[in-house]
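What follows is a single structure, written as structure tokens, with notes after it.
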Amino acid sequence: MAPKLVEQVSTAAVLGGLAGAALGAGRGRRAAGLAALSGAAVLAASEYVARRRQRPDQIPALPHRILA
């Protein structure tokens, strides 16, 4: 994989993990951990698929999409 793609997918995984942990925090440590893992996996996979299918500069970077 290209270094830029790895950076984008790993950033998405971190953000997905944080979001999952935040959503599962009220249900205990185990639920927060599982939610973090699943959030990271889902967001990283969707980011990877989106990046592989895009044309050059078609999809803005993830932080720009979040801020928008």
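Among the residues making up region 7-32, those that are in a helix (DSSP H, G or I) and over 17 Å from Ile66 (Cα atoms) are Ala21, Leu23, Gly24, Ala25, Gly26, Arg27, Arg29, Arg30, Ala31, Ala32. With respect to Ala61, determine if the residue is open to solvent by less than 60 Å² (accessible area, probe 1.4 Å), modelled with pLDDT of 90 or more and hydrophobic (A, V, I, L, M, F, W, C). Judged against the criteria, Ala61 is not a match. One residue stands out among those in region 33-44 that are within 16 Å of Ile66 (Cα to Cα) and open to solvent by less than 50 Å² (accessible area, probe 1.4 Å): the one that is farthest from the chain's Cα centre (by Cα), which is Gly39.
It is to be established whether one or more residues within region 17-32 are at pLDDT below 85, surrounded by 13 or more Cβ atoms within 10 Å (Cβ to Cβ) and in contact with a helix residue (DSSP H, G or I) (Cβ under 7 Å, 6 or more places away or on another chain).
No, the conditions are met nowhere in region 17-32.
The values are calculated or read from the model by the stated rules, or taken from the named source; none is laboratory data. Quantities reported herein were computed from a predicted structural model and do not represent experimental measurements. Because the Cβ atoms are built from the backbone with ideal geometry, glycine has one as well, and the counts that use them run over all protein chains shown. For the accessible areas, the whole protein counts, side chains as well, though only heavy atoms, and no ligand, DNA or RNA atoms are used. Shrake-Rupley method; radii C 1.70, N 1.55, O 1.52, S 1.80 Å.
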